[in-house]
C-alpha cells in the first residue's frame, strides 16, 4: 500500500512527532503498515501557534485502510494507492460557535431570521419563533459570506447566500414557503450578477479550450428558469488523437453537449444524453498520475461523500473521432 499525505495551506503537519509536507511537497508512505498518528498545527501571522492543534490517525491492516480519522479526505487511485488530504474546516474544529452574518425578514405576518454560523464548518440556519427549519452546510473554504432576501415577481420569498471560495463566487438560492424551503439554484462561478429579476453566471474553465460559459436565468414566481447558456473558447488549437478523450470529457464536464458531439463518431452523436449519464457527475478530468498507462486511458475523479475515487476509462478512436469507450482497471 502506498499513501501520499498532501500538504495543507497554513498548517504544519507532524507524523509521529516529525514534521512532514514541508515546502508544499506531499509526504510518501511506502509499503504502509500499522498505525500512523498525525498532529496539525496552524500557522499564524507571527509564526506557529501550538494551541489549538488537531490530532488524527490512520490505521492500515492487511493492505487496506481499516481506520481513517474523520478530518481526512481519502482519494483512491486503485492498486492500493491513496492520497490523504486534511479537510480545511479543521481550522475551526476547536473554535467557539460564531455567527458571521444575519438576515431578518417578515413574511405572512411572521418574523423570520436567517444566519450563518461557524463551528466545525459554516452552516446556514433559518428559524421562526425560535424554531429552526433550515440547516444547510456551506462549502469548505467559503469566505466573506452574506445573506440577502428578495421578493420575486409573483410573490413568495427567496433567500440568497453568497460568498467567495478562493478566487470564485458562490451562490445558493432558496425558496422559502412558511417553515419549509427548497434549494432552487446552487453554483460556483467566476462572476455572479443579479439585475431586474435576471441572474447571470459566468464561469471560466481551466481546460484545453479555455472554455467560458455564460448562464442566464430568470427568477420569477419563486422559481428559477434557464433562459440561455452560451459557450465561447479562447483556444482553438488542433490537438492529436491522444488528446481527443480529454477534450471530449472536458466538454461533458462543462455540460457543453454540442462541443462534445464534435469528438464522437456519427454512430454515437445521437446518444449524447445517455453518454452523459454513463459518465455521471465527476469533479475533474485527470491524467493517470501514478501510472503510465496506454495513451488511450483517461482518469475521472468522483466524489464519494467527503472522500473521492479515481476511475479509469479506455477510449477507442478512428480518424480523430471516438468510436467506443469502456471503464477499465489498471
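Here are a few things to note about the model shown:
- Count of region 201-216 residues which are over 19 Å from residue 164 (Cβ atoms), out of contact with any helix residue (DSSP H, G or I) (no Cβ under 8 Å at 6 or more places or on another chain) and either not in a strand (DSSP E or B) or not assigned by TED's automatic domain parsing to the domain that holds residue 168 (or both): 1
- Scanning region 18-42 for residues that are loosely packed, with under 14 Cβ neighbours inside 10 Å, touching a residue at least 12 places away in the same chain (Cβ under 8 Å) and assigned to a strand (DSSP E or B) gives 28, 34, 35.
- A single member of 274, 250, 258, 309 is in a helix (DSSP H, G or I) and under 26 Å from residue 82 (Cβ atoms), and it is 250.
- Some residue of region 278-297 being part of a helix (DSSP H, G or I) and outside the structural domain of residue 137 (by TED's automatic domain parsing): yes
- Within region 64-81, the residues that satisfy the criterion of being farther than 20 Å from residue 119 by Cα, part of a strand (DSSP E or B) and within 19 Å of the chain's Cα centre (by Cα) are 74, 75, 76.
- Scanning region 288-323 for residues that are under 21 Å from residue 263 (Cα atoms), loosely packed, with under 15 Cβ neighbours inside 10 Å, touching a residue at least 40 places away in the same chain (Cβ under 8 Å) and in contact with a strand residue (DSSP E or B) (Cβ under 7 Å, 6 or more places away or on another chain) yields a count of 1.
- Output for region 288-310, where each listed residue is touching a helix residue (DSSP H, G or I) at 6+ places or on another chain (Cβ under 9 Å) and modelled with pLDDT of 85 or more: 297, 298, 300
The values are calculated or read from the model by the stated rules, or taken from the named source; none is laboratory data. Remember, predicted model here, so these are calculated numbers, not experimental data. A quick note on method: Cβ atoms are made from the backbone with ideal geometry, for glycine too, and the neighbour counts reach across all protein chains shown.
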